[in-house]
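Novice: Structure below; questions to follow.
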Amino acid sequence: MTFQIQKSGDSKSLHLIDGKPFTIVGVEDSNYEDGDKVTPGVKITTKESFTIEGNKVSKFHTTRDVIVKRLRETDVQEALSSAGSIGPLICSQAKGKKYFVLSDA
């Protein structure tokens, strides 16, 4: 007998909205676990909804190191707490680099 395990969650990968402006209204830890290996990650809730695979989505997860570190920094958390949102921002590949960054839209 073969069993198929299907993972489900309430978020989609952030790469699906690369290059599109969005406003962050929430950030929570969302680490990726594969056996004993844990990769730091975050789940971002956006003000906007995006149509992904025919569904409206406003939660996105990422383990992109630069983005995870930035969104976990105290000044970002304080800004989000006091203002209620951050952005609009765009997630894009750093010029001439292999990593992604958040920048003002």
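Each value in this text was obtained by applying a stated rule to the coordinates, not by laboratory testing. What you see is a predicted model; the values in this text were computed from it and never measured. As a convention, Cβ positions derive from the backbone with ideal geometry for all residues, glycine included, and neighbour counts pool all protein chains shown.
Novice: Please give, to one decimal in nm, the separation of the simple spin-label points placed at Lys69 and Asp34, each 7 Å out from Cα toward the Cβ.
Specialist: Using points 7 Å along Cα→Cβ, the separation is 2.1 nm.
Novice: Only Cα pairs under 8 Å and at least 6 apart count here; give the relative contact order of the chain as a rounded whole percent. Can you show the working numbers first?
Specialist: Working: 175 pairs, mean separation 29.3, N = 105.
About 28 percent, as a whole number.
Novice: Report, in debye and to the nearest 20, how large the dipole of the chain comes out about its Cα centre when Lys and Arg carry +1 and Asp and Glu carry -1 on their Cβ.
Specialist: Dipole of the chain, to the nearest 20 debye: 340 debye.
Novice: With point charges of +1 on the Cβ of Lys and Arg and -1 on the Cβ of Asp and Glu, referenced to the Cα centre of the chain, which listed residue (Cys91, Gly41, Ile24) lies farthest in the positive direction of the dipole?
Specialist: Cys91
Novice: Something else: Once you place label points 7 Å from the Cα toward the Cβ at Lys47 and Ala105, how far apart are they in nm?
Specialist: Reported label-point gap for Lys47 and Ala105 is 0.8 nm.
Novice: Could you work out how much longer the chain between Asp18 and Ala83 gets when fully extended? Use 0.36 nm per residue separation minus the Cα distance between them, nm to one decimal.
Specialist: Working: separation 65, 0.36 × 65 = 23.40 nm, distance 2.39 nm.
That works out to 21.0 nm of additional length.
Novice: Going by how many other beta carbons lie within 10 Å of each one, how would you line up Phe50, Phe60, fewest first?
Specialist: Phe50, Phe60
Novice: Fewest Cβ neighbours within 10 Å first, please rank Ile17, Ile52 accordingly.
Specialist: So the residues, fewest neighbours to most, are Ile52, Ile17.
Novice: If you take every DSSP beta bridge fully contained in region 12-104, what fraction is antiparallel? Give it as a percent rounded to 5.
Specialist: Counting DSSP beta bridges with both partners in region 12-104, the antiparallel share is about 90 percent.
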